[in-house]
Every structure is written in structure tokens, then in C-alpha cells.
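Below: the structure, in C-alpha cells.
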Amino acid sequence: MFASLIALALVQTPIVTIPLGKKPRQIERPRAPIEEAGPAWADACKGNSGWDAPGPPVRIHGNTYYVGTCGISAILITGDKGHILIDSGTEKGVDTVIANIRALGFRPADVKILLHSHEHIDHVGGMSVLQQATGAQLYASPTAARVFATGAPTADDPQAGLMPPFRAARVDRTVRDGEEIRLGNLNLVAMATPGHTLGAMSWRWVSCDGGVCPTIVYADSLSAISRDDYKYGTHPDLVAAFRASLAKIAASDCDILITPHPDASDMPARFEGLRPLRDPDACKAYAEAKGKALDERLKKEADPQAAAEKAEDQQ
């Protein structure tokens with residue numbers, strides 16, 4: 001009786017067969033998943049935030065990848081009609097950017113659009129080389145476009161004279177605040193954020209992994225840094241624009257914050273898993289910290305002696 005029941009069950013159970021010569025469909029693993037590649041990046045870059053120090057690529061989320069160096073971010077966003085790359089790093093750092101794109105299994109020639117954060121040599125010095133390597137078009141803010149044309153910061157840049165010029169690059173299209181950059185299934189929103197430089201841009205997009213679709217913000221440096229003889233207090237229009245930029249970042253939808261210098265948004269700790277990658281308050285906290293730094297800078301300019309005494313008390 002028992003044997004009869006087993007035989008009946010075998011007859012009623014469908015048997016799945018795989019045709020000879022064919023293998024079961026393999027589910028593709030994410031390329032450089034942050035769970036593995038993040039700690040590898042943190043280990044490779046530990047104690048080294050040099051502009052050109054090479055580090056491995058990291059998949060931040062979905063179709064968004066970190067392909068920059070240990071000290072300078074470059075962000076690759078992949079799409080069905082080609083890819084978008086934000087920032088090049090220095091001319092030397094481009095070697096790491098291109099190597100990381102290839103290491104992920106993507107072709108540099110499939111990068112179709114190049115975008116920028118701010119127009120300084122450490123972030124866009126390699127843009128001309130990257131144009132030649134990829135054939136991509138460079139989109140820039142109107143002010144940054146003037147800098148790309150010569151490779152030298154304009155006289156109204158707070159850091160003019162502090163950095164050497166870089167190789168000029170061809171700008172194919174100018175981009176203004178609120179404009180949408182579309183490429184196939186990719187859609188990035190431009191956010192003009194003058195402050196650190198006059199032509200600085202930040203970017204916002206949604207990156208999906210399955211049904212999880214956080215909003216990612218690549219927020220510019222927004223640091224009140226300048227040459228010694230520059231006074232922000234004598235440039236009220238720039239200070240007003242600076243504060244508007246901070247308010248824009250604070251008010252933006254923002255689940256994952258990335259910055260041109262990874263240390264500025266604690267990316268090493270977040271890559272290593274020591275802090276959450278996603279933080280809906282990260283952009284607000286970033287803008288608040290940069291705003292306080294701007295306030296301190298203005299106070300120091302207005303009363304340098306009091307600022308010096310305060311610094312001594314804090315030591």
C-alpha cells in the first residue's frame with residue numbers, strides 16, 4: 001500500500017527538465033556591491049585622502065557608482081542609452097576614473113554626458129582628457145563654462161590665484177538652475193549652488209534597486225575658503241547667493257548625500273558600514289554645518305582679534 005502511494009505521488013508530481021546544453025538562468029550579481037566594495041575602498045584609502053590616490057569602484061545604490069580616487073569623488077550613473085559622469089578629478093586622477101569604469105564592466109565610450117561640481121583643478125582638471133577618452137559632451141553652468149574655456153579661475157573666484165590652471169575643455173551645452181538633464185532612462189536635476197565658486201553646481205536624481213528608489217544628492221563643497229586677501233563680507237551678493245545655495249540643499253529631497261570630497265560627507269565611514277549610507281537628514285545637517293562655517297568666517301573678518309582669542313581659548 002505504502003509503495004503504491006509513493007508511485008502515485010511520483011506520477012502526479014511534475015518533473016522539471018533542463019534541455020541538454022543549456023544552463024539555468026543565472027541572476028546577475030551587482031557589480032562592486034557596497035557591502036563588499038565599500039570596506040575594500042575604505043581599507044585601500046585608509047589614512048590617504050590624496051587627490052590622485054587610487055581606490056576601487058563602489059556601487060553606492062542601484063545604477064550609481066563611485067569611480068573616483070581616495071580624495072576626490074567621481075560619480076558614474078549608468079543608463080539604457082549611455083551613462084552620465086559627474087566630475088573628472090585631476091588630469092592624473094582620470095586614469096583611476098577610467099580604470100574603475102572598466103573594472104565595473106562598463107565602456108568609457110558609453111559615457112555620453114560629463115557634468116561638474118565646481119570649477120577647480122582638483123575636480124575638473126581632467127575633464128579635457130576625459131572628453132577625449134570617452135567622446136562625451138560636457139555640460140556646464142554659464143560661469144563654469146567661461147572657466148573651462150581657459151582653464152583658469154575667474155578673478156571673482158574667492159580662491160583665484162591659489163590653484164594652477166588646468167587644460168581647457170570644450171563645453172557643448174550650458175545648464176541652468178532647475179534644468180533637467182535627460183539621457184534614456186536617466187533624469188538628473190541641476191541645482192546651481194554658488195558659494196565655494198560662482199559656477200558651482202549640485203545634482204539630484206533617483207536611483208532604483210528593485211523597488212527601493214532613494215533620492216541621491218551630489219552636493220557641492222559649499223566651503224567658505226579663499227585666498228588671504230579675500231573678504232566675503234565685502235561681497236554681499238556672493239554671501240546672499242551662498243546662503244540661498246545652503247537653503248536649496250537643506251530643502252532638497254535627499255536620502256543619500258555624496259560630496260566632491262568624500263570626507264566632507266563621511267563617506268569612508270559609510271562605505272565601511274560604520275554609519276548608515278541612507279540618512280534623510282544628511283543634506284540638512286550638511287547645509288547647517290556649512291552655514292555655521294560661513295557665519296564664523298564672516299565674524300572673523302569683522303573682528304579678527306576676537307576670532308583669534310576665541311581660537312586660543314578652544315585650544
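The values are calculated or read from the model by the stated rules, or taken from the named source; none is laboratory data. All of these numbers come straight from a predicted model, not from anything done at the bench. Here the Cβ positions follow ideal geometry from the backbone for every residue, glycine too, while neighbour counts run over all protein chains shown. The protein model used for the area step is the full one, side chains on, heavy atoms only, and it has no ligands, DNA or RNA in it. Shrake-Rupley method; radii C 1.70, N 1.55, O 1.52, S 1.80 Å.
Among the listed options (i) 38; (ii) 31; (iii) 46, the one matching percent of Cα pairs over 30 Å apart as calculated from these coordinates is (i).
Taking amide H positions as modeled 1.01 Å from N, with prolines and chain starts lacking one, the residues under 5 Å from T215 and 5 or more places away or on another chain are D255, I256. Close amide-amide hydrogen proximity is noted between I60 and Y65, Y66, each under 5 Å apart and 5 or more residues distant or on a separate chain (H modeled in the peptide plane; Pro and chain starts excluded). Computed 3J(HN,Hα) for the range 264-273, one whole-Hz value per residue from the Karplus formula 6.51 cos²θ - 1.76 cosθ + 1.60 where θ = phi - 60°, is 5, 10, 6, 4, x, 5, 6, 5, 7, x, glycine and proline marked x.
Label sites at D209 and D110, each approximated as a point 7 angstrom past Cα along Cα to Cβ, lie 1.9 nm apart. Beta-bridge orientation, the range 36-100: approximately 90 percent antiparallel, per DSSP, counting only bridges with both partners inside.
Taking amide H as placed 1.01 Å from N in the peptide plane, the amide H of Q137 sits under 5 Å from that of I113, L114, each at least 5 places away or on another chain.
This model, with +1 at the C-beta of Lys and Arg and -1 at the C-beta of Asp and Glu, gives the chain a dipole about its Cα centre of some 1300 debye.
Comparing Cα centroids, the range 138-164 and the range 273-297 end up 26 angstrom apart. If R0 is taken as 30 Å, the Cβ-Cβ distance between A289 and T150 corresponds to a FRET efficiency of 0.35.
Protein heavy-atom surface of the chain, 1.4 angstrom probe: 54% of the accessible area is carbon and sulfur, with nucleic acids and ligands not counted. Computed from phi, the 3J(HN,Hα) profile of the range 235-241 under the Karplus parametrisation 6.51, -1.76, 1.60 (θ = phi - 60°) reads 10, x, 5, 5, 4, 5, 5 Hz, with x in place of Gly and Pro. With the simple spin-label model, which puts each label point 7 Å out from Cα in the Cβ direction, the R102 to K231 separation comes to 5.3 nm. The phi torsions of the range 146-162, fed into the Karplus equation with coefficients 6.51, -1.76 and 1.60 and a -60° offset, translate into couplings of 5, 6, 4, 5, 10, x, 10, x, 6, 4, 8, 6, x, 9, 4, x, 8 Hz, rounded to whole numbers, with Gly and Pro shown as x. Free of any trypsin sites (Lys or Arg not before Pro) that DSSP assigns to a loop and that have at most 10 other C-beta atoms within 10 Å, the longest stretch within the chain is 26-175. Only Cα pairs under 8 Å and 6+ residues apart enter the sum, and on that basis the relative contact order of the range 112-216 stands at 25 percent.
Calculated FRET efficiency, K299 to D253, Cβ-Cβ distance, R0 = 35 Å: about 0.65 to the nearest 0.05. Accessible surface computed residue by residue for the range 171-280, with neighbouring protein chains in place and a 1.4 Å probe, gives 42 Å² per residue.
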